[in-house]
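K.L.:
Take a look at this one; I'll ask things after.
The values are calculated or read from the model by the stated rules, or taken from the named source; none is laboratory data. Every value quoted in this text rests on a predicted model; they were computed, and no experiment measured them. So basically every Cβ, Gly included, is an ideal-geometry build from the backbone, and we count neighbours across all protein chains shown. These accessible areas exclude ligands, DNA and RNA; they are computed on the full protein's heavy atoms, side chains included. Shrake-Rupley method; radii C 1.70, N 1.55, O 1.52, S 1.80 Å.
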Amino acid sequence: MLKAFRATLVHCPVQSSETVYCDHYADGLLLIENGKVLALDHYTKLAPSLSKDQVIAHFPDQWLIPGLIDTHVHYPQLSAIASFGEQLLPWLEKYIFPLEERFCDERFAEEAATYFIAELLRHGTTTALVFASRQVQSVQALFAKALEQNMRLISGKVMVDRGLTQHDSTEQNIQESRSLIREWQGRGRLSYAITPRFALTSTPELLKKAAELLQEFPETYLHTHLAENHSELAEVKRLFPRARHYLDVYDQPGLVGPRSIFAHSLHLCDEQWAVLEQKQASISFCPSSNLFLGSGLFSMAKAKAAKLRIGLGSDVGAGTSLSILRTINEAYKVCQLQNINLYPEQAFYLATLGGAKALSLDAQIGNFEKGKEADFIVLDPSLQPLLLNRWKTAEDFKDRLFSLLMLGDDRLVSQTYLMGELAYQQGKKLG
Ligand code: GUN
Ligand code: ZN
């Protein structure tokens, strides 16, 4: 069935050069057939091709943009968001590990997964790369809920086989991950990420077997944390005395490649940047979390110089918002602290097509190119009075885009669509 949406359309088309840009159609029309993009153009150009009885959903003065992409978030941590006073390791021990243990309870996991998916959609996030917990129940609950919503989502069992927290045997980690891959990889729009928590909770044996699993199932991803906090770095040095640096802990067993996504990547030497570049790995930039836990400032300059694919991560519960718009605001400030401008088109790109590229999903999502899955959101500036007021004196499209990215949050998202189907509408209970 053909669906037509009329609004201000904004997206990043496929880039032929290094410079990122946004296309916008002040009065645009988006056509969707069977959940995929059929065409996009100015309303006046495309409308005459429609049959007379075609229904057009019209959103005057609203923006319709691709669904936002969160490249690193922990769903079991949602209820620990905004926990006071600690940096990474004590924060994990005090707030996070005890909470994640509760996901052995199937009902608890189902309720948390249901709430999490609903919150993603309410915040305009249509795709996410998600840490579950070490309990198989947590992964089952999340995938089941995402499948029910026909959502594009990547997740996996958190592998832990030593230190810091309760853990599973190396063999149990591998066996449970393998059977989850067999059950979920490629079902609906789901993909599996092999997910060792981080170096400190992994034996070299686990990392080696995780790499073998990645080879056995090449369509899966590798998702983990890298070089987030100075105390963590000191412990990694102690536990892996023969590693050249943190990344080497993952690189030696063969875990660094084009389907690897490393969250944070803050404290890296030039050699590590070079390895990431050579192996074409991706990074999830998590500014809200990095500021909240006092972890450090991500170097966009180094990441750009290494031509890495970068996406934005809310990293909730260490991040303080699920909103990728709010995350952009934090990213801008992190760059400012290093005297770098994060341009509005670049920021928009990171949240959409850039995120899709970081997850190797740019053939499926990220913009309104013909044939892509029609995941999109409608932003209504009248829902954020400060933005509406700011736009009264906005100079041009770039100024409107920048102020929207700085001031926007979940209040701005009036509707969220998955594959052309309404999945969230502000103020209305669906289903
Ligand atoms: N490193 C290992 N586990 C975690 C986690 O849950 N959150 C963050 N921010 N870093 C981690
Ligand atoms: Zn994280």
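K.L.:
In whole Hz, with x marking every Gly and Pro, tabulate ³J(HN,Hα) for the stretch 213-221 from phi via Karplus 6.51 cos²θ - 1.76 cosθ + 1.60, θ = phi - 60°.
P.N.:
Values per residue, Gly and Pro as x: 5, 4, 6, 5, 10, x, 7, 7, 10 Hz.
K.L.:
Can I ask one more? Please state the shape class of the stretch 132-270: rounded when a/c is under 1.5, otherwise prolate if a/b exceeds b/c and oblate if not, all from the C-alpha gyration tensor.
P.N.:
prolate
K.L.:
So, taking all protein chains as they sit and a 1.4 Å probe, how much accessible area belongs to residue 134, in Å² rounded to tens?
P.N.:
For residue 134, the solvent-accessible surface is approximately 40 Å².
K.L.:
Could you tell me what percent of the accessible area of the chain is made up of carbon and sulfur, with a 1.4 Å probe and every protein chain present?
P.N.:
50 percent
K.L.:
For the stretch 131-186, what class follows from the C-alpha gyration tensor (a ≥ b ≥ c being the square roots of its eigenvalues): rounded when a/c is under 1.5, otherwise prolate if a/b is larger than b/c, else oblate?
P.N.:
Prolate, because a/c is 1.5 or more and a/b exceeds b/c.
K.L.:
Further question on the same structure: Which of rounded, prolate, oblate describes the stretch 346-431, given a ≥ b ≥ c as roots of the alpha-carbon gyration tensor eigenvalues and a/c under 1.5 marking rounded, otherwise prolate only if a/b is larger than b/c?
P.N.:
It comes out oblate by the Cα gyration axes.
K.L.:
Relative to the first principal axis of the alpha-carbon coordinates of the chain, what is the inclination of helix 397-407, with its axis defined by its Cα atoms, in degrees from 0 to 90 and to the nearest 10?
P.N.:
50 degrees
K.L.:
Could you point to the residue in 73, 206, 83 farthest towards the positive end of the chain's charge dipole, with +1 and -1 charges on the Cβ of Lys/Arg and Asp/Glu respectively?
P.N.:
The Cα lying farthest towards the positive end belongs to 73.
K.L.:
Sticking with this structure for a sec: So for the chain: antiparallel DSSP bridges make up what percent, rounded to the nearest 5?
P.N.:
Just about 45 percent of them are antiparallel.
K.L.:
In terms of modelled amide H atoms, which long-range or inter-chain residues lie less than 5 Å from the amide H of residue 36?
P.N.:
HN-HN under 5 Å from residue 36: 374.
K.L.:
A 25 angstrom limit on the alpha carbon distance is what I want to check against. Which of 392/429; 302/333; 357/398; 45/370; 36/302 exceed it?
P.N.:
Distance filter (> 25 Å) returns 392/429; 36/302.
K.L.:
Charges at C-beta only: +1 for Lys and Arg, -1 for Asp and Glu. How large is the resulting dipole of the chain about its Cα centre, in Debye rounded to 20?
P.N.:
Dipole about the Cα centre, nearest 20: 320 debye.
K.L.:
While we're here: How long are the three semi-axes of the equivalent ellipsoid for the chain, computed from the Cα gyration tensor as the root of 5 times each eigenvalue, in whole Å, largest first?
P.N.:
The equivalent ellipsoid of the chain has semi-axes of 36, 23, 20 Å.
K.L.:
With just the Cα atoms defining each centre, how far is the stretch 100-164 from the stretch 247-291? Give it in Å.
P.N.:
Comparing the Cα centres of the stretch 100-164 and the stretch 247-291, I get a distance of 24 Å.
K.L.:
May I ask for the angle, rounded to the nearest 10°, between helix 136-148 and the longest principal axis of the chain, with both axes built from Cα atoms and the value confined to 0 to 90°?
P.N.:
10 degrees
K.L.:
Post the alpha-carbon centroid distance, the stretch 51-77 to the stretch 363-431, in whole angstrom.
P.N.:
Measuring centre to centre over Cα atoms gives 6 Å.
K.L.:
While we're looking at this one, here's another question. With axes computed from alpha carbons, what is the tilt in degrees of helix 106-122 against the longest principal axis of the chain, rounded to the nearest 10 within 0 to 90?
P.N.:
Result, in degrees: 40.
K.L.:
Taking H as built 1.01 Å from N, whose amide H comes closer than 5 Å to the amide H of residue 423, not counting residues under 5 places away?
P.N.:
So residue 423 has HN proximity to 416, 417, 418.
K.L.:
Now, a different point. Quick one: accessible area per residue over the chain, 1.4 Å probe, rounded to a whole number of Å²?
P.N.:
40 Å²
K.L.:
Still on this structure, I have one more. Which value, in Å² and to the nearest 10, is the accessible area of residue 326 when all protein chains are kept and the probe is 1.4 Å?
P.N.:
The accessible area comes out at roughly 100 Å².
K.L.:
With contacts defined as alpha carbon pairs under 8 Å and 6 or more residues apart, what's the relative contact order of the stretch 137-202 in percent?
P.N.:
RCO, the stretch 137-202: 43 percent.
K.L.:
Mind telling me which of 175, 280, 77 comes out most flexible in a GNM of the chain, alpha-carbon contacts under 10 Å?
P.N.:
Of 175, 280, 77, the most mobile in the Gaussian network model is 175.
K.L.:
Helix-only mean residue ellipticity at 222 nm, the chain, DSSP H runs n ≥ 4 weighted -39,500 (n - 2.57), per residue, nearest 500. What is it?
P.N.:
-10000 deg cm²/dmol
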